[in-house]
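Here the structure is laid out as structure tokens; the discussion comes afterwards.
The values are calculated or read from the model by the stated rules, or taken from the named source; none is laboratory data. Because the structure is predicted, anything quoted here is derived from the model rather than measured. Methodologically, a virtual Cβ is constructed for each residue, glycine included, from the backbone with ideal geometry; neighbour enumeration extends over all protein chains shown.
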Amino acid sequence: MQKVILKKGRERSLLRRHPWVFSGAVSGTVPESAAPGETVEVCADDGSTLGYGSVSPSSQIRVRMLSFDPGTVPDAALVRARVFASVGRRSDFFANAYTDAVRLVNAESDALPGVVADFYAGWAVCQFTSAGAEFWKDAVADALMSAAPGCLGVAERADADVRAKEGLPKGGFRVLRGAEPPELVEISEGPCKFLVDVRKGHKTGFYLDQRDARATVGPLANGGDVLNCFSYTGGFGLFARACGAASVTQVDVSADALALAKRNEELQRLCGTKVEYVEADVFKFLRLCRDAGRAFDMIVLDPPKFAETKAQVMKAARGYKDINLLAMKLLRPGGTLATFSCSGAMTPELFDKVLAEAAEDARRDLQVVAKTRQGADHPVLLSFPEGAYLKGVVMRAM
Ligand code: SAH
């Protein structure tokens, strides 16, 4: 097995069980013959073994650790056991009728770097976003098929941009094990049903990470007019509607997302509520609403990642401030603003600061009534704080 020797002092993060070895921490070069995803032994400068990980020759994150134990060399059995353990930690979800859609494997935080597996009513959909994850793909797919209760098939989405950074080819949707899922998979979440496009939808098809936020925010809509910005397939809007919203306006720039949002509306079999669909850029739409003097009782802002890296944080902060300031102005007294950031580089503290500045410029007093985060099936390993990316602030306008 090839060895990767770290520079003096660079073993510290590994001793804290952080799973990444950056290229700058490696002394000399990674042996040329190391194939992408191959297991390497990681050693401190004094030659002592720190553990084993999967090498990514073309990535800044050169090694992702699979074992911090000098006596445990990763193999397919270890990967299989990790998948079973990860699924086992979700037994509450399988025992609970609230939803039939859950994240089964959350990458680094479930000790399987680069591996994401979401489960939609019997269908597992994975993303393999590191060379090591790609290397162990077969073991992961086999294990999911047996570990996930009632698993009908395991598929892969290979279209994530991050694959390029790892030197992995981009691909589309592919069945790895079991049967071919239907064109749209129907899932249930609390009072709602949603259709999930596992082939062409975002990520693996649905924003499971906002489940808790939808449950927190929905009931606050009771009887009010809701503006759901960056609606995707309608999640927050339909949830609010199921909780008794009087009207819902779903805004997204993607016609495909709105088309599925409409089909999702039909699926709820609720009548009486007005749902409007607007294909528009939220930055522009909020200004149109301002100029038209429109007002709402609840506004949801759940934009895509504005900052990919720390360098983009200040630009992202301006974007967050802009939409939040505009939304605050559109709120009726007593109205709710539920605002989110899924940019990991945007810290919760900075997000709070941006919101305070937006309120100041909007000349509105707002009270924070709840804070949300990614759900329990998207856990964050304590030694891997990078795993915490999603934050939400729910406020009431005074
Ligand atoms: N709230 C959703 C997830 C939102 S994902 C849920 O719970 O399911 C972000 C969405 O923002 C995507 O659907 C994307 O199409 C949309 N989007 C990105 N930029 C936009 C813009 N400038 N204006 C409107 N929608 C945008």
Handout entry: Qualifying position, being free of Cβ contacts under 8 Å to residues at least 60 places away in the same chain, surrounded by 15 or more Cβ atoms within 10 Å (Cβ to Cβ) and within 15 Å of the ligand (Cβ to nearest atom), among Phe285, Phe340
Key = Phe285
Fill in the blank from the handout: Residue hits (region 44-83; over 12 Å from Leu112 (Cα atoms), of a type in the set (Ser, Thr, Tyr), under 28 Å from the mean Cα position of the chain (by Cα) and assigned to a strand (DSSP E or B)) are Tyr52
Practice task
Name the strands (runs of 3 or more DSSP E) wholly inside region 167-210 in which the number of residues that are within 16 Å of the ligand (Cβ to nearest atom) and either at pLDDT 95 or above or hydroxyl-bearing (Ser, Thr, Tyr) (or both) is 1 or more.
Solution key: 185-189, 192-196
Handout entry: Residues satisfying the stated conditions in region 212-227, i.e. over 19 Å from the mean Cα position of the chain (by Cα) and surrounded by 24 or more Cβ atoms within 10 Å (Cβ to Cβ)
Key = Gly218, Ala221, Val226, Leu227
Practice task
Please report, ordered by residue number, the helices (runs of 4 or more DSSP H) entirely within region 218-326 with at least 2 residues that are touching a Ser or Thr at 6+ places or on another chain (Cβ under 6 Å).
Solution key: 235-242, 255-268
Exercise for the section: Please state which of the following conditions Thr129 fails to meet, knowing it meets all the rest: (1) under 26 Å from Ala257 (Cα atoms); (2) of a type in the set (Ser, Thr, Tyr); (3) in contact with a Ser or Thr (Cβ under 9 Å, 6 or more places away or on another chain). Expected result: (3)
Practice task
Return a yes/no flag: does region 214-227 have any residue that is closer than 13 Å to Glu276 by Cα, within 14 Å of the ligand (Cβ to nearest atom) and not basic (Lys, Arg).
Solution key: yes
Practice task
Can you run down the residue pairs with Cβ atoms below 6 Å, 6 or more apart or on separate chains, where the first is in region 302-326 and in contact (Cβ under 8 Å) with a residue 24 or more places away in the chain and within 15 Å of the ligand (Cβ to nearest atom) and the partner is outside any helix (DSSP H, G or I) and among the small types (Gly, Ala, Ser)?
Solution key: Lys305/Ser343; Phe306/Ser343; Ala307/Ser343; Ala307/Ala345; Ala316/Ala307; Ala316/Ser343
Problem - Only listed residue being surrounded by fewer than 19 Cβ atoms within 10 Å (Cβ to Cβ), within 21 Å of Gly171 (Cα to Cα) and not aromatic (Phe, Trp, Tyr), chosen from Ser58, Ser130 - result: Ser58
Practice task
Return yes or no: is Arg332 away from the ligand (no atom under 16 Å from the Cβ) and part of a loop (DSSP other than H, G, I, E, B)?
Solution key: no
Problem - Filter result for Ala158 (farther than 14 Å from Asp100 by Cα, within 16 Å of the ligand (Cβ to nearest atom), touching a strand residue (DSSP E or B) at 6+ places or on another chain (Cβ under 8 Å) and small (Gly, Ala, Ser)) - result: no
Fill in the blank from the handout: Within region 228-257, the count of residues that are within 9 Å of the ligand (Cβ to nearest atom) and either small (Gly, Ala, Ser) or out of contact with any His (no Cβ under 8 Å at 6 or more places or on another chain) (or both) comes to 16
Problem - Every pair of residues 6+ apart whose Cβ atoms lie under 6 Å, when the first sits in region 192-205 and is more than 19 Å from Ala179 (Cβ to Cβ) while the second is of a type in the set (Val, Ile, Thr) - result: Phe194/Ile187
Problem - Boolean, Val30 is within 17 Å of Glu166 (Cα to Cα) and of a type in the set (A, V, I, L, M) - result: yes
